[in-house]
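Read-outs throughout are calculated quantities, based only on the coordinates presented, and are distinct from any laboratory measurement. Here the structure is a predicted model, which means the values were calculated and not measured. Cβ placement follows ideal geometry from the backbone for every residue including glycine, while neighbour counts extend to all protein chains displayed.
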Amino acid sequence: MKLAVYPGSFDPITRGHIDILEKTSKIFDKIIIAVVHNINKKALFTLEERVELIKESISHLDNVEVESFSGLLVDYIREKKACAIIRGLRTVSDFEYEATMAYMNKNLLPDVDTIFVMSRPEYIFISSSGVKEAAILGGDVSAMVPLPVEKKLKEKLKQ
């Protein structure tokens, strides 16, 4: 079985993330979305909320599961016996950062490759941080996120 892991903070998951998942779910037998707490980012949603929002947003993808993890990604990949890491790309600057991480992971875990997937052009401007900023400032983010995320953002920002 070809198992891939799609790691990220997903705070929140966007239509761009889902586009990447829809494309890669046709390539791999199973994908695990590995939600991690990113110590370099201030999260709007708790880890539990992010996992639940992702599950609601990807229910149409039968071969995709959602888990959370902490620690080193390569240890998680090794534990799951995955053959690949999925990373989405929007811009050249994404590639520069992601290539560095891919080389680091390859050095630590030589048998696992990182698969880069370009998002559709209509999603290249969407980032989780941009979605949060727009929503906080009262912008309409409905075209950028799945409905469960849009609803939870509105609920969260009313608090």
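Please compute the net charge surrounding residue 81, taking Lys and Arg as +1 and Asp and Glu as -1 over other residues with Cβ under 13 Å from its Cβ. Provide the component values of the computation, followed by the final result.
Numbers: positive: 2, 30, 78, 80; negative: 29, 75, 79, 111.
Neighbourhood net charge equals 0.
For 104, 144, 118, what's the fewest-to-most ordering of other Cβ within 10 Å of each Cβ?
Going from least to most buried by this count: 104, 118, 144.
Using unit Cβ charges (K, R positive; D, E negative) and no other charged atoms, how large, in debye to the nearest 20, is the dipole of the stretch 3-158 about its Cα centre?
Working: 21 positive and 23 negative charges, 41 e Å.
So the magnitude is around 200 debye.
In degrees from 0 to 90, rounded to the nearest 10, what is the angle of the helix 147-158 Cα long axis to the longest principal axis of the chain?
The helix 147-158 is inclined about 50 degrees to the chain.
Once the Cα atoms of helix 92-108 and of the chain are each reduced to a long axis, what angle between those two axes, in degrees from 0 to 90 to the nearest 10, is obtained?
Approximately 40 degrees, to the nearest 10.
Given the convex hull over the Cα atoms of the stretch 51-91, what projected area results after averaging over all orientations, in nm²?
Mean orientational projected area (the stretch 51-91, Cα hull): 4.2 nm².
Using mean Cβ contacts within 10 Å as the protection proxy, how do 72-82, 8-18 order, highest first?
Ranked from most to least packed, the peptides come out as 8-18, 72-82.
Between residue 97 and residue 46, what is 0.36 nm times their sequence separation minus the Cα-Cα distance? Round to one decimal in nm.
15.8 nm
Per residue and in cubic angstrom, what volume does the convex hull of the Cα atoms of the stretch 3-158 have? Don't skip to the end; give the middle numbers.
Values: hull volume 16.8 nm³, N = 156.
Convex hull volume per residue, Cα atoms: 108 Å³.
Relative to the first principal axis of the alpha-carbon coordinates of the chain, what is the inclination of helix 47-57, with its axis defined by its Cα atoms, in degrees from 0 to 90 and to the nearest 10?
Helix 47-57 sits roughly 90 degrees off the main axis of the chain.
What relative contact order, as a whole-number percentage, does the chain give when Cα pairs under 8 Å and 6 or more residues apart are counted? Please report the intermediate quantities before stating the final value.
Working: 221 pairs, mean separation 48.6, N = 159.
Relative CO of the chain lands at 31 percent.
Could you identify which residue out of 40, 107, 63 has the top mean-square fluctuation in a GNM of the chain using Cα springs shorter than 10 Å?
Looking only at 40, 107, 63, the biggest GNM fluctuation is shown by 40.
Just to be sure I understand: if I project the alpha-carbon convex hull of the stretch 74-159 onto a plane and average over all orientations, what area do I get in nm²?
With the hull built on Cα positions only, its mean projection is 7.3 nm².
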